[in-house]
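The values are calculated or read from the model by the stated rules, or taken from the named source; none is laboratory data. These numbers come from a predicted model, not from an experiment. So basically every Cβ, Gly included, is an ideal-geometry build from the backbone, and we count neighbours across all protein chains shown. The area values use the complete protein model at the heavy-atom level, side chains included, leaving out ligands, DNA and RNA. Shrake-Rupley method; radii C 1.70, N 1.55, O 1.52, S 1.80 Å.
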Amino acid sequence: MKAGINTLCIHKGLLPPDYEKSFAGVWEYATAWDIGKAAKDWPQMNFVIYHSALRPFLELPDQAWADFEQTGRIQWATDLAEIPQKFGVTNVYAELGTSFANSAVAHPKFCAALVGTLIKGMGVDHVMWGTDSVWYGSPQWQIEALRRLEIPEDMQRKYGFAALGDANSATKQLIFAGNATRFYKIKLKAAENTRMPAFSEDRLAALKSEYTQASKRPSNLRYGYVRAT
């Protein structure tokens, strides 16, 4: 704490289907079992859980959805969402990242269930936007996906989920940016009026400036790779 560290970002979830074998002896640490106690023991620390501890990864999305319909729970992510109430803590946050990217493409209703579960258990002010853009290229398609996402009314009634609202709803604005700016104490107006330091004025900064000047409209162009089988 003397070093000024008050936030831990921790990878949880997203293990392959054979995780019990391929990650024998260590896979338990990718679950949410240890988060609650750590958060309670260290109230001065913030715990940001990457991927929201979602277990399903490279699994059939229909199976994950069938499990949710049967139990009302999502593997490991529901455990994370229940921590604030079970442990009486407010220093645990859920980051979306790959968990949103994968589910939004593979099964939008499951994606809605995931976001609804996190908001219901942790509060919308504790859900952080993430894109894992290093894997998925330009994040614009994920931004558009969340802007379009809504939890169906029958799911809202059945599971007690709150509506996400329209593309620019307060809920989505908090997830996109509001929570992060508060969490990291970013002052937007000050940042907009602050000149970048000289060492940051590199070729990448110049390309960004050119892009901004060329068009004010977002691009859905996506970069990345495709696995060949």
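Numbers at a glance
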{"read-out": "Filter result for residue 182 (out of contact with any strand residue (DSSP E or B) (no Cβ under 7 Å at 6 or more places or on another chain) and assigned to a helix (DSSP H, G or I))", "value": "yes"}
{"read-out": "Subset of segment 134-161 that is of a type in the set (S, T, N, Q) and in a helix (DSSP H, G or I) - its residue that is nearest to residue 119 (Cα to Cα)", "value": "156"}
{"read-out": "Among the candidates 133, 52, residue that is small (Gly, Ala, Ser) and at negative phi", "value": "133"}
{"read-out": "Criterion violated by residue 130 - all others in (1) in a helix (DSSP H, G or I); (2) surrounded by 12 or more Cβ atoms within 10 Å (Cβ to Cβ) satisfied", "value": "(1)"}
{"read-out": "Residues of segment 49-94 satisfying the condition of being open to solvent by less than 20 Å² (accessible area, probe 1.4 Å), in contact with a Gly (Cβ under 9 Å, 6 or more places away or on another chain) and not in a loop (DSSP other than H, G, I, E, B)", "value": "49, 51, 52, 53, 77, 78, 80, 81, 83, 92, 94"}
{"read-out": "Segment 16-28 residues that are within 21 Å of residue 98 (Cα to Cα) and free of Cβ contacts under 8 Å to residues at least 40 places away in the same chain, paired with ones that are part of a loop (DSSP other than H, G, I, E, B) and of a type in the set (A, V, I, L, M, F, W, C) (beta carbon under 9 Å, 6 or more apart)", "value": "19/57; 22/15; 23/15; 27/15"}
{"read-out": "Considering residues of segment 51-93 that are touching a residue at least 60 places away in the same chain (Cβ under 8 Å) and among the aromatic types (Phe, Trp, Tyr) only, the residue farthest from residue 12 (Cα to Cα)", "value": "93"}
{"read-out": "Qualifying residue in segment 108-120 (condition: open to solvent by 10 Å² or more (accessible area, probe 1.4 Å), of a type in the set (Gly, Ala, Ser) and in contact with a Pro (Cβ under 8 Å, 6 or more places away or on another chain))", "value": "no"}
{"read-out": "Residue 164 being surrounded by 11 or more Cβ atoms within 10 Å (Cβ to Cβ), modelled with pLDDT of 75 or more and assigned to a helix (DSSP H, G or I)", "value": "no"}
{"read-out": "Candidate set from segment 29-44 (those that are aromatic (Phe, Trp, Tyr) and either without any contact (Cβ under 8 Å) to a residue 24 or more places away in the chain or surrounded by 15 or more Cβ atoms within 10 Å (Cβ to Cβ) (or both)); member that is nearest to residue 85 (Cα to Cα)", "value": "42"}
{"read-out": "Verdict on residue 102 being touching a residue at least 12 places away in the same chain (Cβ under 8 Å) and open to solvent by 40 Å² or more (accessible area, probe 1.4 Å)", "value": "yes"}
